[in-house]
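J.: To start, I am sharing the structure in question, which I have written as structure tokens.
Every read-out reported here was derived from the displayed coordinates using simple, explicitly stated rules and does not represent laboratory data. Everything numeric here is computed off the predicted structure, so don't read it as measured data. When we count neighbours, we look across all protein chains shown, and the Cβ atoms used for this are built from the backbone with ideal geometry, even at glycine.
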Amino acid sequence: QVQLVESGGGLVQAGGSLRLSCAASGRAFSGYAMGWFRQVPGKERVFVATISASGRSTYYADSVKGRFTISKDNAKNAVYLQMNRLKPEDTAVYYCAARADWAPSNREVDYGYWGQGTQVTVSS
């Protein structure tokens, strides 16, 4: 069982930066691949970034590639999403997710554990 708690969301101007954190509790965090997804009201939740259990492999949605960086600290049981050059269209609730597998995934259905979400609002 893994519990996830996101933090770091907030209001930022376009072009600014935010760093989201996701703290995980439970055993064997180093064996979990992690992902970040986001959701706008009235729309489906969509993939943002994913990282392998070891932290060596990462993948990004085209919309954030080159601006966002996902990282994982197995010693601290945490995963991060550094978001730079933010745009108003990045406004959403951001969710952290964990899957009991070493491989990263961009599919929501592959994740068994989810955080409660953190709001990110980018003003123009």
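J.: Once you list every other residue whose beta carbon is under 9 Å from the beta carbon of MET34, what net charge do they have if Lys and Arg are +1 and Asp and Glu are -1?
T.: +2
J.: What residues have an amide H closer than 5 Å to that of TYR113, excluding those fewer than 5 places away on the same chain, when H is modeled at 1.01 Å from N in the peptide plane?
T.: Counting only residues 5 or more places away or on other chains, the set is ALA98.
J.: What percentages make up the Cα-Cα pair-distance distribution of the chain when the bins are 10 Å wide from 0?
T.: Pair shares across the bins are 15, 51, 29, 5, 0.
J.: With a cut-off of at most 13 other beta carbons within 10 Å, and DSSP calling the residue loop, which trypsin sites (Lys or Arg not before Pro) in the range 25-124 qualify? Please list them.
T.: Those that pass, being in a loop and sparsely packed, are ARG27, LYS43, ARG56, LYS65, LYS76, ARG85, ARG107.
J.: Still on this model: If amide hydrogens are placed 1.01 Å from N in the peptide plane, which non-local residues have theirs closer than 5 Å to the one on PHE68?
T.: Answer set, sorted by chain and number: ASN84.
J.: Right, next: Compute the distance in nm between two label points, each set 7 Å from the Cα along the Cα-to-Cβ direction, one at THR58 and one at ARG27.
T.: According to this spin-label approximation, the distance is 3.0 nm.
J.: Write out the GluC sites (Glu not before Pro) in the range 34-124 meeting two conditions: DSSP loop, and at most 16 other Cβ atoms within 10 Å of their Cβ.
T.: GLU44
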